[in-house]
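> Below: one structure in structure tokens.
Quick note: the coordinates plus some simple rules give every number you see, no bench work behind them. Predicted, not measured: the structure shown is a model, and the values here were computed from it. Glycine also receives a Cβ, built like all others from the backbone with ideal geometry; neighbour counts cover every protein chain displayed.
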Amino acid sequence: MSTVIAQTTQVYAVYIKATPEQIWDAITTPEFTERYFHGVRMEIRDGRRWSTLGELAWDEQVLELEPPHRLVHAWTSGYDDELAAEEPSRVTWTIEPQDNGTSLLTVVHDRLEGAPKTAASVFGIGWMFVLSNLKTLLETGEPL
Amino acid sequence: MSTMATAQTTQVYSIFIKASPEQIWEAITTPAFTQKYFYGVPVAITSETFDGGASAQGAVVEFDPPHRLVHSWRALYDTETAAEPESRVTWEIAVQDGGVSLLTVVHDRLDESPKTAESVAGGWSYILSGLKSVLETGEGLAG
């Protein structure tokens, strides 16, 4: 990567041959998320996003929930003690239908000023591995 | 992207693809392939030139198959972008585990070319998403 310092507002976009509903299911259903999100099971329930990875468990506040187009939640890196000690940041998922059965999924990870180690950890290929994997799973039925 | 008030003068895009570096290299440099994901444009790339017909043109400055390609970029599809100075595009392909490769595109030297910077900011994500679909499913996103 040519950029050394991780940005405090990070924007990622991927076009997926899938409906907004299919993408929404893939980002809110634990059976789906564990197949592409580093094995983490994620579920939206009672105004929070609940994550589990093996014996680890953490949860974040859901700020906006508009299926199947918009999900905004706080982000805490519960999978790593050092990152988890940083201030919460924010993740916004936006799903927009395009032509030909394709949708545009945009992820904005911002409010990272108080979480520099998290910012560096998720920057660039961090998020793009997750989004690449999600796209492959939806288009081929198998993750990368 | 809509959340960015000003397009960046160094833009970095990356995507993981279930394909070998050789397959990705062929998809980038073969007109019959690029037509499926590069907005329908057949792009021919040799060690000398990046030839996108009336859409974009450039001179190849580094040609190291199947890992690295660097070329200048002038977008001709728009009279305003065509009038701006050349910018630069770098393609890097790095092999990963499990038959996966990481493709990174850096579009930089856009300081004097704000119209081009704005124009390509959304376009690269679309192109790389389409390239990945073609290689993994045999079909582009437009089909």
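> Out of all Cα-Cα pairs in the protein assembly as shown, roughly what percent, to the nearest whole number, are more than 35 Å apart? Please report the intermediate quantities before stating the final value.
Working: 7199 of 41041 pairs.
Distances greater than 35 Å cover 18 percent of the Cα pairs.
> Can you give the charge dipole size of the protein assembly as shown about its Cα centre, rounded to the nearest 20 debye, using +1 on the beta carbon of Lys and Arg and -1 on the beta carbon of Asp and Glu? If you can, show how the numbers build up before the last one.
Numbers: 19 positive and 40 negative charges, 54 e Å.
Around 260 debye, computed over the protein assembly as shown.
> Now for a separate question. With θ set to phi - 60°, apply the Karplus curve 6.51 cos²θ - 1.76 cosθ + 1.60 along region A:20-27 and write out the HN-Hα couplings as whole Hz, x wherever there is a Gly or Pro.
x, 5, 5, 5, 4, 4, 5, 9
> For peptide B:8-19, compute the average count of partner chain beta-carbon atoms within 10 Å of each residue's beta-carbon.
So the per-residue partner count for this stretch is 5.
> Picking from A:LEU83, B:VAL43, A:THR106, whose Cα lies most toward the positive end of the charge dipole for the protein assembly as shown (charges on Cβ: Lys, Arg +1; Asp, Glu -1)?
About the Cα centre, the residue reaching furthest to the positive side is B:VAL43.
> Compare the peptides A:28-34, B:58-64 by average per-residue count of other Cβ atoms within 10 angstrom and give them in order, highest first.
Numbers: A:28-34: 16.4, B:58-64: 14.4.
Sorting A:28-34, B:58-64 by mean packing, highest first, produces A:28-34, B:58-64.
> Given the peptides A:85-96, B:39-50, arrange them by the average over their residues of other C-beta atoms within 10 Å, most packed first. Walk me through the intermediate numbers first.
Working: A:85-96: 17.5, B:39-50: 15.1.
So the order, starting with the most tightly packed, is A:85-96, B:39-50.
> Which three semi-axes in whole Å describe the equivalent ellipsoid of region B:30-112, each the square root of 5 times a Cα gyration tensor eigenvalue, listed largest first? Could the numbers behind the result be given before it?
Working: eigenvalues 108, 47, 28 Å².
Result for region B:30-112: semi-axes of 23, 15, 12 Å.
> In whole Hz, with x marking every Gly and Pro, tabulate ³J(HN,Hα) for region B:29-43 from phi via Karplus 6.51 cos²θ - 1.76 cosθ + 1.60, θ = phi - 60°.
Once θ is set to phi - 60°, the couplings for region B:29-43 become 10, 10, x, 5, 7, 4, 4, 7, 9, 9, 6, x, 8, x, 10 Hz.
> Using only Cα atoms, figure out Rg for chain A and give it as a multiple of 2.2 N^0.38 Å.
Working: Rg = 14.5 Å, N = 144, 2.2 N^0.38 = 14.5 Å.
Compactness ratio reported: 1.00.
> Next up: For B:VAL43, enumerate residues with amide H under 5 Å from its amide H, sequence gap 5+ or separate chain, H modeled in the peptide plane.
When sequence neighbours closer than 5 places are left aside, the close amide H contacts are B:THR34, B:GLN35.
> For every helix of n ≥ 4 consecutive DSSP H residues, a contribution of -39,500 (n - 2.57) applies; sum these over chain B, divide by its total residues, and give [θ] at 222 nm rounded to the nearest 500 deg cm²/dmol.
Working: 4 runs with 41 residues, N = 143.
Helix-only estimate at 222 nm: -8500 deg cm²/dmol.
> What distance in nm separates the two pseudo spin-label positions at B:GLU26 and B:GLU48, each 7 Å out from Cα along the beta-carbon direction?
So the label points at B:GLU26 and B:GLU48 sit 2.5 nm apart.
> Output the 0 to 90 degree angle, nearest 10, between the alpha-carbon long axis of helix B:114-137 and the longest principal axis computed from the alpha carbons of chain B.
The angle comes out at about 10 degrees.
> Can I ask one more? Post the alpha-carbon centroid distance, region A:54-81 to region A:84-144, in whole angstrom.
12 Å
> A further question on this structure: Where does the Debye-calculated log10 I(q)/I(0) of chain B sit at q = 0.11 Å⁻¹, using only Cα point scatterers of equal weight, no solvent?
For chain B at q = 0.11 Å⁻¹, log10 I(q)/I(0) is -0.38.
> Mind putting a number on the dipole of region A:33-121 about its Cα centre? Charges go on the C-beta only, +1 for Lys and Arg and -1 for Asp and Glu, and I need it in Debye to the nearest 20.
Numbers: 9 positive and 17 negative charges, 40 e Å.
Rounded to the nearest 20 debye, it is 200 debye.
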